Amino acid sequence: MRAMPLMHHAPPTAATGLESGPFASRRNLPVLMMNTLEATAVEMIRTGRAADAERWLRQHSADRACAARLRELLVGERRIPEAVAVARALAPGADPEALLSRAFLAHLENQFGRAAELCQQVLRDAPDHPAALNHLGRALHNMGRSEEAQRAFERAVAVAPDYAQAWHNLGHVLRARGLLERALQAFESALAQAPAFLSARLHLGITWYAMEQPQAALECFQQVLAAAPQEIEALVGAGLALHLLGRLDDAKAQYQQALQLAPNHATAHYYLGCVLNEAMDSRGAIAALTRALQLQPDDVEAWAELAGVYELGSQLDEAAQAVQRGLAIAPGHPALNLEAAKLERRRGDLQGAVARLQRIDPRQLSARSATPYWFDLGLALDRCDQVDAAMRAFEAGNALAARSVRRQAIDPNAFDRLLDRLVQWTARGAPGALPQAGDPDDDTGSDLCFLVGMPRSGTTLLDTMLAANADVVSIEELPTLEHAIADFAALPGGYPDAMDTLQADDVRALRARYRQAAAVHLGGRSAKLIVDKLHLRCLHVGLIRRLFPDARILFALRHPGDVVLSNFMQQYAPNDAFVHFDTLAESARVYARVLDLWRHSLKVLPLTWDSVRYEQLIDDPATELARVSAFLGITPDPAMLDRQARNATRERVRTNSYQQVAEPIYQRAAGRWQRYRKYLEPCIDTLRPAADWLGYRFD
């Protein structure tokens, strides 16, 4: 997922807090010296009863101290029109409240110098007046004098530690200066003094998000929404936190709810486009981003995202137009230059791509932006045959990916535990994997082909070729059998050990579960053969054999060195298996375990299967496709060899191979491991048994 700084549109620039009452004199007097009316409201605020406090202050607004506190309560919660009405009533006169009310009104008109002058007028008579310091900080911050603003806010809370609005505004300026830990503490201090201070809660969530703590951020946004369900920024913030957590459907729902309330909210359209892009909904993403740009044409982040959507769909001319529009606004923008470099690489200007990427300073990128930067740089350097520099780039990218937020939710041992269970079950002869006499015979899978193998073994190229055949419909890397496995796991004994206790009703239910999931992804498409492609589904051929004994299985093969290297060179969305591709050694270990299980599965299971070698597919595609078509029982179709026809079978390839399958068939990826042999050398002993069995050599 590309970097998505929270609310990339201009954040609220005005620090808005102000206190009165105890701050109206030269020094901060004890709360006991407030008048009784104001003190009553202050106690309500301190105990989280902000609504009661507002009603009380409105009821007693004839009292000047109560009116001032009402004004600042409204300003603090960004209810500016109401606050303006109160401020105008207070503005006549020469006392501190009048001067600070006029400073507030000047601030709203962007007269920051005038606002600062009025605050300083108060401070000449009362140097430690907290409210004057607070409003001065607001003005200084908006004048670009953030360090001075910070000092003003710090003086305000030093004089009045219970001054919630000053803590809130201090948090703003600290976050703007990149001091996130201290900003967090400031917002928490504001909430300690005013637990129902929704703006402080909102910005606490924003700060948690900026610190890449999406769960803590989400909790803050949800608390705001519980009190104010129509708070747009909290809805957008919740969407961002959910997106970062990988909960794409939930994030989409939050953005859509925000847009129902505010149809012209450019930022919500932008982030909706981001989440739809990751969800592979290119049309929806383009529509959302286009609307965001109609509302805010100079949004360079939206231009970069739109370019990325087009590039992922291999619409390179449209991507180039979006990049050009964005670069005309911000020539040095990192995300736009990343997209420009991708286009240069895809169009063969490899040196240009490398030069552009090397002009970007990755230290100035967030971790979420730097990760794709390093992978893109590595791919460009690889194409330029700069092996050592490419390896350094891939190592840097993988190191950042290993620290990503979504990785925190992945159990690094889960995949090995699954392999252990399957290995032990297979060693016992895979009990229950063979069809039983009582199994239903109405759906044995004669229309199914499961395309499996290790990632980066050529499955995507083969799948696009097969999908161009009129007799074939394809399901590309979407959960189908996995739904049945999840249901199976709930059976007594769990998966796969309960295989030999499956009854006819269980088999029927699991078949139905698979077909329901497949129907969703097929969307009404039908043909003689369904090719259901997901790499590591080769682990589950025992279940496939039991549920669909007439299904065919195609296993994609490629030289183990190329497979391991290529997986290391990819930025994957994390899952239980892909987290093991961060290093060559771990990638090789997992490869060896998967191939060993596949080899033993073939010994105990009478599968209807065949293999396809990537090297043969790219060397002589016509012969290899004819052979595969015969195995699958379909008639060879010339469209399978037509690149444009292949690419027309889907809106967008769902895998990291999207760039390769959009190109004419090429040879450069075969044998690439040899250029990186010195890096792979420590892994060769791990890979050699599988290589020997598959007929590959490391000589």
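The values are calculated or read from the model by the stated rules, or taken from the named source; none is laboratory data. Quick caveat, the model's predicted, so the values are computed rather than measured. Neighbour counts run over all protein chains shown; Cβ positions are idealised from the backbone, glycine included. The accessibility values were calculated without ligands, DNA or RNA, using every heavy atom of the protein model including side chains. Shrake-Rupley method; radii C 1.70, N 1.55, O 1.52, S 1.80 Å.
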Reachable aspartates and glutamates from LYS342, Cα under 18 Å, same-chain residues fewer than 8 places away excluded? GLU278, GLU301, GLU305, GLU311, ASP317, GLU318, ASP361, ASP376, ASP382, ASP385, GLU663
Given a 1.4 angstrom probe, I'd like the percentage of the accessible area of the chain that is carbon and sulfur, rounded to a whole number. 51 percent
Which distance in nm do the two modelled labels at ARG49 and ARG145 give, with both placed 7 Å along the Cα-to-Cβ direction? 4.2 nm
Farthest positive-ward along the chain dipole, Cα basis, beta-carbon charges - from PRO682, ALA335, ALA518: ALA335
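All other residues with a Cβ under 9 Å from the Cβ of ALA183 taken together, and with Lys, Arg as +1 and Asp, Glu as -1, what is their net charge? Working shown, then result.
On the way: positive: ARG175, ARG177, ARG182; negative: GLU181.
Local charge sum for ALA183: +2.
Can you show me the helix-derived [θ] at 222 nm for the chain, built from DSSP H runs with n ≥ 4 at -39,500 (n - 2.57) apiece and divided by the number of residues, rounded to the nearest 500. Before the final figure, lay out each step's value.
Values: 35 runs with 419 residues, N = 699.
Taking each H run of at least 4 residues, the total per residue is -18500 deg cm²/dmol.
Taking the highest mean first, how do the peptides 158-166, 557-565, 353-361 order by number of other beta carbon atoms within 10 angstrom per residue? It would help to have the intermediate numbers written out before the result.
Values: 158-166: 22.9, 557-565: 25.4, 353-361: 18.0.
In decreasing order of mean packing, 158-166, 557-565, 353-361 become 557-565, 158-166, 353-361.
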For LYS678, give me every one of the lysines with a C-alpha distance below 19 angstrom, ignoring sequence neighbours fewer than eight places off in its own chain. none
What is the magnitude of the charge dipole of segment 108-149 about its Cα centre, with +1 placed on the Cβ of each Lys and Arg, -1 on the Cβ of each Asp and Glu, and no other charges, expressed in debye to the nearest 20? 80 debye
Relative contact order of the chain (C-alpha contacts under 8 Å, at least 6 apart) in percent is 10 percent
Compute the relative contact order of segment 181-277 as a whole-number percentage, counting only Cα pairs closer than 8 Å that sit 6 or more residues apart in sequence. 18 percent
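So, for the chain, what is the accessible surface per residue at a probe of 1.4 Å, expressed in square angstrom?
Numbers: 28210 Å² over 699 residues.
With all protein chains present, the chain gives 40 Å² per residue.
Evaluate the relative contact order of segment 352-425 (contact order divided by residue number), counting alpha-carbon pairs under 8 angstrom at least 6 apart; express in whole percent. All intermediate terms of the calculation are to be shown ahead of the outcome.
Values: 44 pairs, mean separation 19.2, N = 74.
Answer for segment 352-425 is 26 percent.
Which shape class, rounded, prolate or oblate, goes with segment 567-628 when its Cα gyration tensor gives a ≥ b ≥ c as root eigenvalues, a/c under 1.5 marks rounded, and past that a/b bigger than b/c marks prolate?
Working: a/c = 2.69, a/b = 1.36, b/c = 1.98.
Because a/c hits 1.5 or more and a/b fails to exceed b/c, segment 567-628 counts as oblate.
Quote the FRET efficiency, to the nearest 0.05, computed for ALA504 versus GLN616 with a Förster distance R0 of 30 Å and r equal to the Cβ-Cβ distance.
Values: r = 42 Å, r/R0 = 1.39.
Taking R0 as 30 Å, the efficiency between ALA504 and GLN616 is 0.10.
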Gain in span if fully extended, ASP442 to GLN324, counting 0.36 nm per residue against the direct Cα distance: 36.8 nm
Using a cut-off of 19 Å between alpha-carbon atoms, which aspartates and glutamates can reach LYS603, once sequence neighbours fewer than 8 places away in the same chain are excluded? ASP420, ASP497, ASP500, ASP550, ASP692
Calculating semi-axes √(5λ) of the Cα gyration tensor in Å from this structure picks out, from [x] 40, 32, 24; [y] 60, 28, 22; [z] 54, 27, 21, entry [y]
Applying 1/(1 + (r/R0)^6) with R0 = 41 Å to the Cβ-Cβ distance of GLU188 and ALA489, what FRET efficiency is obtained, to the nearest 0.05? 0.50
